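Here is the structure we will look at.
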Amino acid sequence: MKTSNKLFLGFSGVLVLLMLFSAIILKANYNKGITNTITHQPRQDPDYAKVTIPAFKALVLKSTVAKTDNQEATIYLRESPEYHLEFYKNATYNILGDTLYVEISRPRDVVVYSPAISYISNNTRYGITLSDIHSPSLHVSSGENTRVYMHNSKINAFSFAGGENNTLEVTEDNVLDSVKVTMGKRGSLYFYAPYQAGDFSVDSLDNLNITGKSLKSLKRFN
């Protein structure tokens, strides 16, 4: 065999070995989670804050800004072993007695964590979402043009009093014993949860949907 052929075969063999070695290294690094892909970690909002607050039983929500169609916010209430408040420097708060007062200055979401709550007053015109609430009783008082959404909660006595143009939606996964709902004009009522005793007092609703187990539980509707 010519020397040139030997050199060519030798070079080819070395090249194949290098390619095989590189493939093995890449495979090993891939298995370890090492790649050349640049990952971008989400940047935490500099306005974000989560604070521990003293115990409270009642919540009063206020707002210093008017709600507009392109400025939405939701106040989330979630059950937690501890008392926390989560916001984006768009809220101030203070506690008087057993009541937490939260005032919203910018239309961004606020999350309230509490082991139990019995009274909520919403005067912000922003929506409220109640999630995983377990309480012997809960009364929600809501002003005009607001929305209250409740799911996966267990409340013995639930009552709601809403002004005009209100929306109340209670999903089927809630467990309720007694229900009392009062709504002003042009409201929207979506009620799907079963209950033992119910009293609904409404005035010229725009939308009404009571179906499933809730409809079978219905005894009185004014």
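The values are calculated or read from the model by the stated rules, or taken from the named source; none is laboratory data. Values in this document were obtained by computation on a predicted structure and should not be read as measured data. Only protein heavy atoms, including side chains, enter the accessible area calculation; ligands, DNA and RNA are left aside. Shrake-Rupley method; radii C 1.70, N 1.55, O 1.52, S 1.80 Å.
Straight distance only, please: which aspartates and glutamates reach the Cα of K50 with their own Cα at less than 14 Å, same-chain residues fewer than 8 apart left out?
E82, E86, D109
Shape of region 111-222 from its Cα gyration tensor (a ≥ b ≥ c, root eigenvalues): rounded if a/c is under 1.5, otherwise prolate when a/b > b/c, or oblate?
Verdict is oblate for region 111-222.
In region 116-214, carbon and sulfur make up what percent of the accessible area (probe 1.4 Å)? Spell out each step's value before the answer.
Numbers: 1740 of 3900 Å².
Answer for region 116-214: carbon and sulfur cover 45 percent of the accessible area.
With a ≥ b ≥ c taken as the square roots of the eigenvalues of the C-alpha gyration tensor of region 76-165, please select rounded if a/c is under 1.5 and otherwise prolate if a/b is larger than b/c or oblate if it is not?
oblate
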